[in-house]
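A.B. asks: First the structure, then my questions, so here it is.
The values are calculated or read from the model by the stated rules, or taken from the named source; none is laboratory data. Just so you know, these numbers come straight off a predicted model, no measurement behind them. Every residue, glycine as well, gets a Cβ built from its backbone with ideal geometry; the counts of neighbours run over all protein chains shown.
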Amino acid sequence: MENRTEISFRAIPVEQPIGTFFVGVMSARDLVEISVADVRRLHNTEFDEYIGIQRRLDPGRSKDLRKYVTSYDATFPTGVILAVREENAEWDEETGKLTLKATDDVPLIEVASILDGQHRVDGLTARRNGGFEVPVSVFVGADVATQANIFATVNLAQTKVNRSLVYDLLDYEKKRSPQKSAHHIAVALDKLSDSPFHERIKRLGSATPERRNETVTQAAVVESLLGLISSDPMSDRNSFLRALLPENPSDEEHKKHPFRQMFLDEKETDITRIVLNLFKAVENRWPESWNDLERKGNVLPKTNGLKALMRFLKPLYLLLAGENRHFVPEVEDFQEFIDKVELEDSDFNITTFPPGTSGESKLYKMLMATIEDAEASSGSLI
């Protein structure tokens, strides 16, 4: 390619609540040229160290797409989403063209960061001839927090995207949200040296290099926490973005989401302590199963065990806390109930607790049996 310093293409401005961005059509050749450096950085750079807030490339998927783009009827009908610094973009309203240009510190090949569609762009590197145009959405001047919001908003509901990674992106947000708080709690559970989950949580949903004992994903932890905090996390997030503080929960809402008051009062540290204390009691009761991560079929430290115990946490917490919405039970408070569960280490297997929701539900029911008498005697409606 010649040593160009700018690329122009037809585009239109689009107004949405997030602000103005541009929707246009670029040639595949131009798209590859302005973002090839961004794609290449993804291959060898860990997400947390990469400011471009992009997930790593899947070599197999990129290989398939490179082959596909050379086929007779290849098509990429959905738009690639790009972020460009303000000084690298110029909009000409009269001609209807958006120009992306190099500056002294940013060469043309590094002008665009890809927020969504990096596999498609990498695949297009195999397209040698013309005749291939790609729809693009270009956000000009978006800071890292806004870029992360865009990625999360676009991808959170899509099953193709690793949900743990999307929750990790929410750390870039400037405002509070149930998702961001749950993410911070999950990170604390993984990092604290005295945590039963120490270095066991897959932050990005896939194995972390140099770790061997990751048994649950961040998404599983976050989504288990969200139900204890909010009935509608996205609405809460929107409220905080608009600087509107949600109302304190009613008594009925508190029974459904017992950590909501603590969340609204910014007591994430207390929520973390509660979860830690529950699972410390679990580890005390079944140390073999909790720590024998190599045993095949051991369900306790895996997703099924996590989900069942987090479901159990709600009624157990409400029973222990009573009317106190900021109560933090100690390990001993949880231990009293966990010790009553009629299960031994050897019972945590896929025969007793089959994979999927049936195994999770069975464990939950066995846990619940330990507090049914207490609930009945207190007249609780939990």
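A.B. asks: Restricting the search to the range 98-120, which residues are under 12 Å from residue 31 (Cβ atoms) and of a type in the set (Val, Ile, Thr)?
C.D. replies: Hits for the range 98-120 are 109, 111, 114.
A.B. asks: While we're looking at this one, here's another question. Given the conditions (1) more than 23 Å from residue 189 (Cβ to Cβ); (2) assigned to a loop (DSSP other than H, G, I, E, B); (3) under 23 Å from the mean Cα position of the chain (by Cα), report the number of the one that residue 258 does not fulfil.
C.D. replies: For residue 258, the failing item is (1).
A.B. asks: Just to be sure, is residue 71 modelled with pLDDT under 85 and buried (at least 18 other Cβ atoms within 10 Å of the Cβ)?
C.D. replies: Details: modelled with pLDDT under 85: yes; buried (at least 18 other Cβ atoms within 10 Å of the Cβ): no.
No; evaluated as a whole, the condition is false for this residue.
A.B. asks: Keeping to the range 227-252, report how many residues are assigned to a helix (DSSP H, G or I) and more than 22 Å from the chain's Cα centre (by Cα). Please lay out each step first, then the result.
C.D. replies: Initially, the range 227-252 is screened for residues assigned to a helix (DSSP H, G or I), giving 227-229, 233-241, 251-252.
Now drop any that are not more than 22 Å from the chain's Cα centre (by Cα), which leaves 251-252.
Residues meeting the conditions: 2.
A.B. asks: Can you report the number of residues in the range 73-130 which are over 18 Å from residue 22 (Cβ atoms) and charged (D, E, K, R)?
C.D. replies: 8
A.B. asks: Just to be sure, is residue 231 surrounded by 22 or more Cβ atoms within 10 Å (Cβ to Cβ), among the hydroxyl-bearing types (Ser, Thr, Tyr) and assigned by TED's automatic domain parsing to the domain that holds residue 328? Steps first, please.
C.D. replies: Values: surrounded by 22 or more Cβ atoms within 10 Å (Cβ to Cβ): no; among the hydroxyl-bearing types (Ser, Thr, Tyr): yes; assigned by TED's automatic domain parsing to the domain that holds residue 328: yes.
Considered against the rule, which asks whether it is surrounded by 22 or more Cβ atoms within 10 Å (Cβ to Cβ), among the hydroxyl-bearing types (Ser, Thr, Tyr) and assigned by TED's automatic domain parsing to the domain that holds residue 328, residue 231 comes out as no.
A.B. asks: Here is a further query. Residue by residue through the range 126-147, note down the ones that are within 33 Å of the chain's Cα centre (by Cα) and over 19 Å from residue 25 (Cβ atoms).
C.D. replies: Hits for the range 126-147 are 126, 141, 142, 143, 144, 145, 146, 147.
A.B. asks: Within the range 156-179, is there a residue that is assigned to a loop (DSSP other than H, G, I, E, B) and modelled with pLDDT of 85 or more? Break it down into steps so the answer makes sense when it comes.
C.D. replies: Keep residues of the range 156-179 that are assigned to a loop (DSSP other than H, G, I, E, B), which gives 156-162, 173-177.
Still in the running and modelled with pLDDT of 85 or more: 176-177.
Within the range 156-179, one or more residues are assigned to a loop (DSSP other than H, G, I, E, B) and modelled with pLDDT of 85 or more.
A.B. asks: Separate question: Somewhere in the range 316-327, is a residue of a type in the set (S, T, N, Q) and at pLDDT 95 or above?
C.D. replies: Yes: one or more hits.
A.B. asks: Tally the residues that are at pLDDT 65 or above, under 23 Å from the mean Cα position of the chain (by Cα) and in a helix (DSSP H, G or I), restricting the search to the range 11-59.
C.D. replies: Within the range 11-59, residues that are at pLDDT 65 or above, under 23 Å from the mean Cα position of the chain (by Cα) and in a helix (DSSP H, G or I) number 1.
A.B. asks: Specify which of the listed residues (248, 238, 213) is surrounded by fewer than 18 Cβ atoms within 10 Å (Cβ to Cβ) and within 27 Å of residue 290 (Cα to Cα).
C.D. replies: On the way: 248 fails: within 27 Å of residue 290 (Cα to Cα); 238 fails: within 27 Å of residue 290 (Cα to Cα).
Being surrounded by fewer than 18 Cβ atoms within 10 Å (Cβ to Cβ) and within 27 Å of residue 290 (Cα to Cα) holds for just one of 248, 238, 213, which is 213.
Conditions tested, residue by residue: (1) outside any loop (DSSP other than H, G, I, E, B); (2) surrounded by 14 or more Cβ atoms within 10 Å (Cβ to Cβ).
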position	(1), (2)
306	yes, yes
323	no, no
334	yes, yes
341	no, yes
349	no, yes
352	no, yes
370	no, yes
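A.B. asks: Please list, ordered by residue number, the strands (runs of 3 or more DSSP E) wholly in the range 80-130 having 1 or more residues that are buried (at least 17 other Cβ atoms within 10 Å of the Cβ), aromatic (Phe, Trp, Tyr) and modelled with pLDDT under 90.
C.D. replies: none
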